[in-house]
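The structure under discussion appears below in the form of structure tokens.
The values are calculated or read from the model by the stated rules, or taken from the named source; none is laboratory data. From a predicted model like this one, the values you see are computed outputs, not experimental measurements. Because the Cβ atoms are built from the backbone with ideal geometry, glycine has one as well, and the counts that use them run over all protein chains shown.
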Amino acid sequence: MFYLPLFHRLAGSSCLVVGGGQTALRKLRWLVRAEAKIKVIAPEVDPEIQKLRDAGKLTIEKCLFYPQAVSANLVLVISATDAPNVSEEVFVAAMEQGVLVNCVDRTELCTVIFPAIIDRFPILVAVSSMGRSPTLSRSVRGWIELRLPNALGQLAELAGRLRSEVKSSLPSVDARKAFWEEVFSSKAADEAMYGSMDAAVAEAEKMMASASSDGSIVLVGAGPGDPELITLKGLRAIQSADVLMYDKLANPALLEYARRDVELIDVGKKGPREAVKEGSSDAARPSGTTMQQEINQTLIEQALKGKKVVRLKGGDPFIFGRGGEELLAAAEQGIAVEIVPGITAAMGGASYAGIPLTHRHMSQSVRFVTGHSVEHGVNIDWPELAKPEQTLVIYMGLVGIEKILQRLVDAGRGSETPAVLLENATLPSHREVFGRLDNLASKVREAEIEGPSIIIVGEVAGIPEQVQNLYTAAQSTTDNL
Ligand SMILES: C[S@@+](CC[C@H](N)C(=O)[O-])C[C@H]1O[C@@H](n2cnc3c(N)ncnc32)[C@H](O)[C@@H]1O
């Protein structure tokens, strides 16, 4: 049986304890501590229980247990008696009324069990063996007791006093974590545990004033689409972000990993279609700045507020991702930037499509180029790009696909060279259009491709078909056996 540890607020809630001996007394002390409204039923009670009654902490009904004593307005019933069959009766009555029940030393008659408790209020440690060995739980409690300073509660008191002050002067979660770790092993902690709370607060405030409130920026590669392709380091950065800036190429599922109080900023860069229709992120906006300049500005403003800003970028931040521009803009302001690499669209897309970007007998190198520069650029060395035995991956090449593929042929790459367009690579909505340099463009137009796409040119783009043929041949050989 697995019991979920929960801490229960019982203040003012009605609880019934059946039994009046030492076992009942031990449970009663906890219920009194929790400020429950307690009634005890027992023919005789321990003098200590009587004292609790006299102090107004509980009421006593001196009689044998009767099932009607368990009513639905109770939140908890405890049976702490060894009188024969009473615990069974208590359990049945509690179940009928839907009330939580604990019968001491009768795990099979418990819907809740008491842990062994290490009490350093407000720090409480609860140990349980799920009812299998209360003795072992108590031994474990003893081991933990030895390691926890008696005055640990004072530390919690110190943290409680300074909590909101720390939150407002150190906006970054990382800075707060670092601050508290430092405080808990500092003179302030010693002062608190010696009971000099004012001195402890003064010491901690001094540390707070000198604590670093510098912000930072992390450029995180989110991978090409499939959220599982992010790195562990990238995921951890998302989890610790105070501010998370994202755009359309990063999978929104990744935002779910952020803290609940993270500030999400959609920097809304367009996908390829919209960017073409409305002009690229280089185009000046009414404000006179480009979208990229506005993103840089927001990154810097947030970091200067002392926050940890995570900029989530599709693929890898440094592959056609303008990560370099963001890095330089932040460096100009003296802001620390960390780069977490991601899987770029070429690598993720090729792997998911079963295309090795290099292959010993077909392609000795791979080049990543942008369709923008290839389509519009002057000084493009077309003969170089058209050389055989290399793989070309063209990002953002959808709009100019006809021109790009034609120029490669004109520059000498064979018109029958295999080529493929991968749309929405690594996502469930992915599509692949396979062809050759002389027919891929028309196939792509026919397929009405619109999503983010890369084009892979080279003999390696023919490998998925070869693989398929080999599987089919192997299958027919097996079928013929
Ligand atoms: C601004 S670039 C960003 C590239 C990104 N930094 C990377 O490393 O993959 C955007 C282009 O990357 C390509 N791209 C990004 N994600 C893709 C995907 N899931 N499938 C195909 N192409 C993708 C497309 O060519 C798209 O137009």
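Among the numbered conditions (1) more than 19 Å from residue 355 (Cβ to Cβ); (2) small (Gly, Ala, Ser); (3) within 15 Å of the ligand (Cβ to nearest atom), the only one that residue 474 does not meet is (3).
Number of residues in the range 13-57 that are surrounded by fewer than 19 Cβ atoms within 10 Å (Cβ to Cβ) and either under 22 Å from residue 114 (Cα atoms) or modelled with pLDDT under 95 (or both) equals 17.
Residues in the range 323-333 that are surrounded by 18 or more Cβ atoms within 10 Å (Cβ to Cβ) and of a type outside the set (A, V, I, L, M, F, W, C) were compared, and the one that is farthest from the ligand (Cβ to nearest atom) is 326. Among the residues in the range 251-262, are any among the small types (Gly, Ala, Ser) and either in the same structural domain as residue 454 (by TED's automatic domain parsing) or at pLDDT below 85 (or both)? No. Within the range 59-73, the set of residues being buried (at least 21 other Cβ atoms within 10 Å of the Cβ) and within 49 Å of the chain's Cα centre (by Cα) comprises 70 only. Return the only residue of 419, 447, 474 being of a type in the set (A, V, I, L, M), more than 17 Å from residue 394 (Cα to Cα) and in contact (Cβ under 8 Å) with a residue 12 or more places away in the chain. Matching residue, one of 419, 447, 474: 447. Considering the range 343-374 alone, what residues qualify as being closer than 15 Å to residue 430 by Cα and either near the ligand (Cβ under 8 Å from one of its atoms) or of a type outside the set (A, V, I, L, M) (or both)? 345, 346, 348, 349, 351, 352, 354, listed by residue number.
Counting the residues of the range 80-98 that are of a type in the set (A, V, I, L, M, F, W, C) and in contact with a helix residue (DSSP H, G or I) (Cβ under 8 Å, 6 or more places away or on another chain) gives 5.
Yes or no, residue by residue, for (1) β-branched (Val, Ile, Thr); (2) surrounded by fewer than 14 Cβ atoms within 10 Å (Cβ to Cβ); (3) closer than 30 Å to residue 305 by Cα:
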site	(1), (2), (3)
77	yes, no, no
86	yes, no, no
146	no, yes, no
149	no, yes, no
153	no, no, no
168	no, yes, yes
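Based on what the data block shows, is residue 336 away from the ligand (no atom under 12 Å from the Cβ), under 29 Å from residue 256 (Cβ atoms) and surrounded by fewer than 22 Cβ atoms within 10 Å (Cβ to Cβ)? Yes; evaluated as a whole, the condition is true for this residue. Surrounded by 17 or more Cβ atoms within 10 Å (Cβ to Cβ), within 39 Å of the chain's Cα centre (by Cα) and among the charged types (D, E, K, R): is that true of residue 423 in this structure? When the stated conditions are applied, residue 423 passes them.
In this structure, residue 395 does not qualify as surrounded by fewer than 22 Cβ atoms within 10 Å (Cβ to Cβ), within 14 Å of the ligand (Cβ to nearest atom), aromatic (Phe, Trp, Tyr) and modelled with pLDDT of 95 or more.
Mind checking whether some residue in the range 400-418 is on the phi > 0 side of the Ramachandran plot and within 14 Å of the ligand (Cβ to nearest atom)? Within the range 400-418, not a single residue is on the phi > 0 side of the Ramachandran plot and within 14 Å of the ligand (Cβ to nearest atom). Of everything in the range 288-321 that is among the charged types (D, E, K, R) and free of Cβ contacts under 8 Å to residues at least 40 places away in the same chain, the residue that is nearest to the ligand (Cβ to nearest atom) is 294. One residue stands out among those in the range 201-230 that are over 13 Å from residue 348 (Cα atoms) and within 13 Å of the ligand (Cβ to nearest atom): the one that is surrounded by the fewest Cβ atoms within 10 Å (Cβ to Cβ), which is 219.
Within the range 207-262, the residues that satisfy the criterion of being of a type in the set (Ser, Thr, Tyr), in contact (Cβ under 8 Å) with a residue 12 or more places away in the chain and over 23 Å from residue 329 (Cα atoms) are 231, 257.
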